[in-house]
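FYI, it's all coordinate maths here, none of it is from the lab. Not measured: the values here are computed from a predicted model. Because the Cβ atoms are built from the backbone with ideal geometry, glycine has one as well, and the counts that use them run over all protein chains shown.
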Amino acid sequence: MDTIENIELKYLNLEDYQELQEAMRSAYVTMPDAIWGEHQIEALIKKFQEGQVVIKINGQIAGCALSIIVDYDDFDENHSYRDITGNYTFSTHSNNGDVLYGIDVFIKPEFRGLRLGRRLYDYRKELCERLNLRGVAFGGRIPNYGKYADELTPTQYIDKVRRKEIHDPVLNFQISNDFHPTRILKGYLEGDKASKEYAVLLEWDNVYYEKPAKKAATVKKVVRLGLVQWQMRPYKDLDEVMEQAEFFIDSVSGYRSDFALFPEFFNAPLMAEHNHLSTPEAIRNLAKHTKEMVQRFSKLAISYNINIITGSMPEVVGEHLYNVGYLCRRDGSTERYEKLHVTPDEAKVWGMVGGTQLKAFDTDCGKIGILICYDSEFPELSRILADEGMDILFVPFLTDTQNGFSRVRHCAQARAIENECYVAIAGSVGNLPKVHNMDIQFAQSMVFTPCDFAFPSDGVKAEATQNTEMILIADVDIDLLRELNQFGSVRNLKDRRKDLFELKKK
């Protein structure tokens, strides 16, 4: 091959057909029937020119990729090449389809080894993303299988290729380009003797795909978090507490935040008026404010157009005292979450019991999880939420010492890494000398990320100043999580050994 002066990726034109025909003949020496006719190429170009591209080196065709768009659900799992191409007429192409289906890709023999195939596959992926399609699929030939057909089934052959026990240059190349085998297709391509007419259905998922919405609202992909680092100070009544809460909500919504996160038991200063009572009685009296606080927070969520996570408050249900909070969405709906693991101090001093409800919540910014303080130290909970699709985990906390804070802080960061999600923690600062069992506070509100190239190297997106009343604003990109899940240096969610263990709610 002469010196390469120019490499171009171009749309295929009908004027290229004669040269394309010669290129196909050189690429398909063992399969002369695989050469497309001029009328077929013309039909592909007319139906979907963006899907038909060639790579030219020094003005000469070196490779080609042909594609159509199909409505994937219209085809059986065990479809054939004839089925997917509409008996080679491409009548199956639909501009309203949801999957880019690869019809053909080849590189002329003299240009192999230049990674030109990767350029063609990358173009298909980019086209898929640009057209907002679910993914790319194609039936991949396994021409080396014929050598092993007497001793191995197609499934056994593919398993050995994946484990590098058998070298298959075609399948290895496709897997290295992030295509994953999903099933064996029997009788896929008529006359493909080398593959015994078997093919592997290979798919690539578009992590940026957005299902067409049925209503005007959209799910945000870049989400702005507003964390409230709350100063514990004396308040004379509920109105004064809510006045301060509204001040913070006004502040974070002024920065167009999507969420406002309050700490655990931020309303504890109101217990000061019950100091004449026993500690268990005082907190039960505090619980009498909870219903009204939730109603007020819900109104603030609507008026300030922000989703509010109310930290936590005591709540009496029946005879039992719980530590609970509420998600107040900006559309007016509310949902309750509970602290499942109460600390020894909460149980001993207040008589508090753990809740039973654990679930991820739908919001206009995707699915979120909420774990109150101590719950973040139990990795099973956040893993279940991750399996339910959680992208952001919120942790309202209350810690009196640096030791307690360090437990929450380091466990929260671990949850971000192992669950490939963002974690936001918010706590209270200051002291309450007139409230029993709530004397001092230590906090530093933070936002954690996974640790990979697209994120901060230390996994810390933002952090507040320790023990200072303030707000913390941070943007998190949900699409980066999708990319991490598919292409990360490590893939904690995908690589779990589910053959050895499982985790489920009772």
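The table below gives the values:
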read-out	value
Extension gain, Asp122 back to Ser26 (0.36 nm per residue minus Cα-Cα distance, nm)	32.2 nm
Sequence of His289, His180 once ranked by neighbouring C-beta atoms within 10 Å, starting from the fewest	His180, His289
Computed FRET value (nearest 0.05) for Val222 with Asp150, which takes r as the C-beta separation and R₀ as 45 Å	0.20
Calculated P(r) tail over 22 Å for the stretch 394-506, as whole % of Cα pairs	43
Segment Glu418-Asn95, extension gain: residue separation times 0.36 nm, minus the distance between their alpha carbons	112.4 nm
Most to least packed among 305-312, 325-332, 135-142, 354-361 [average Cβ atoms within 10 Å]	305-312, 135-142, 325-332, 354-361
Stokes-Einstein D for the stretch 365-419, Kirkwood Rh over Cα pairs, 10 °C, 1.306 mPa s (µm²/s)	141
Cα centroid separation, the stretch 80-132 to the stretch 195-215 (Å)	12
Estimated inter-spin distance, Arg336 and Arg82, nm [label 7 Å along Cα→Cβ]	6.2
Whole-Å distance, taken between Cα centres, linking the stretch 447-506 and the stretch 320-341	24
Sites Lys359 and Glu210 - FRET efficiency at Förster radius 25 Å, r taken between beta-carbons, to 0.05	0.55
Nearest-20 debye value, the chain charge dipole, Cβ charges on Lys, Arg, Asp, Glu	520
Kirkwood hydrodynamic radius over Cα pairs of the stretch 7-205, then Stokes diffusion coefficient at 4 °C and 1.567 mPa s, in µm²/s	75
Length gained when the stretch Lys299-Met470 is fully extended (0.36 nm per residue, less Cα-Cα span)	59.2 nm
Dipole in debye (nearest 20) - the stretch 40-193, about Cα centre, beta carbon charges: Lys, Arg +1; Asp, Glu -1	660
Ranked list, fewest to most other Cβ atoms within 10 Å of each Cβ, for Tyr145, Tyr304, Tyr422	Tyr304, Tyr145, Tyr422
Whole-percent pair-distance distribution, where bins are 10 Å wide, for the alpha carbons of the stretch 165-270	11, 22, 15, 13, 13, 12, 10, 4, 1
Paramagnetic label zone (point 7 Å from Cα along Cα-to-C-beta, Lys160; backbone N under 18 Å) in the stretch 177-200	184, 194-200
Protection-proxy order for peptides 246-253, 71-78, 15-22, each taking the mean of Cβ atoms within 10 Å per residue, highest first	246-253, 15-22, 71-78
Residues Cys64, Cys421 arranged by fewest to most Cβ contacts within 10 Å	Cys64, Cys421
Given [x] 64, 47, 45; [y] 74, 56, 41; [z] 95, 48, 43, the label whose value is Cα extents along the principal axes in Å derived from this model	[z]
Theoretical FRET efficiency, 1/(1+(r/R0)^6), r = Cβ-Cβ of Phe453 and Asp71, R0 30 Å, to 0.05	0.25
